[in-house]
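In what follows, a structure is listed as structure tokens, so that the remarks can point back to it.
The values are calculated or read from the model by the stated rules, or taken from the named source; none is laboratory data. Since we're looking at a predicted model, the values are computed, not measured. Using ideal geometry, Cβ is built from the backbone for each residue, glycine included, and neighbour counts are taken over all protein chains shown.
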Amino acid sequence: MKLSGSLAMSHQLLLPVIHKARVIVDATAGNGKDTLFLASHAPLRSKMWVFDVQLKALNNTRSLLDSHGIKTPITYILDSHSHVDWYISQPIDVVTFNLGYLPGGDHGICTQSSSTLTGLEKCCHLLAPGGVITIVAYPGLPVGREEALSVESFLQSRDQRYYTVARWQMINQKNYPPVLYALTKKEGCS
Ligand code: SAM
């Protein structure tokens, strides 16, 4: 048996919900690997919104999806996920945040605790009953550690009557391995 790392585990947790999702959000496009995963498993009738603050990231993501012949309708948004409610008002089934900087890009442009928490809070409100949010955080650098702690503290304070929240991390690896947080909204909640 092989235990998955945080990113692979995020995909495993998302998969059953993606299959029946109508509305899907990739909150951090980056180079598009998560978007490709989501779009590859999404029903054709679903709609996807993909956010990033860097045009380069959206272009990389669009190219990757085009090269795989993805047909799912995707709206690319050059804006912060903290403004998710400016673009989406319907219930969201799946959201993924993959925090940090664009691999191969400017390491100075990375997710920040304040906008991450704003985006996360808005996504919690917009989340459909039965929906899921995953967040992969990178505590390897001090800025990422601070962000991961803020995310954890925010998630710990979600009301357990409405949300189920869990954390997944390898605990015998050196140098602060990535940590996965997953939140689901209970069925019957609005
Ligand atoms: N999902 C990506 C992939 O599969 O390649 C990896 C994402 S990368 C680790 C993080 C991305 O978050 C970067 O491209 C960065 O530009 C973006 N980002 C930073 N702040 C953001 C914000 N406030 N809203 C949306 N994206 C942001």
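Count of region 41-56 residues, restricted to those that are within 15 Å of Val25 (Cβ to Cβ) and either part of a helix (DSSP H, G or I) or of a type in the set (Phe, Trp, Tyr) (or both), is 3. Assess whether Thr72 counts as being hydroxyl-bearing (Ser, Thr, Tyr) and either under 15 Å from the mean Cα position of the chain (by Cα) or at pLDDT 95 or above (or both). Against the criterion (hydroxyl-bearing (Ser, Thr, Tyr) and either under 15 Å from the mean Cα position of the chain (by Cα) or at pLDDT 95 or above (or both)), Thr72 does not qualify.
Looking only at residues in region 69-115 that are near the ligand (Cβ under 7 Å from one of its atoms), without any contact (Cβ under 8 Å) to a residue 60 or more places away in the chain and not in a loop (DSSP other than H, G, I, E, B), the one that is nearest to Thr28 (Cα to Cα) is His81. Scanning region 116-149 for residues that are under 13 Å from the mean Cα position of the chain (by Cα), more than 13 Å from the ligand (Cβ to nearest atom) and part of a strand (DSSP E or B) returns Leu127, Gly131, Val132, Ile133.
Is it true that some residue in region 5-22 is crowded, with 24+ Cβ neighbours inside 10 Å, within 8 Å of the ligand (Cβ to nearest atom) and either among the small types (Gly, Ala, Ser) or within 13 Å of the chain's Cα centre (by Cα) (or both)? No - not one qualifying residue is present in region 5-22.
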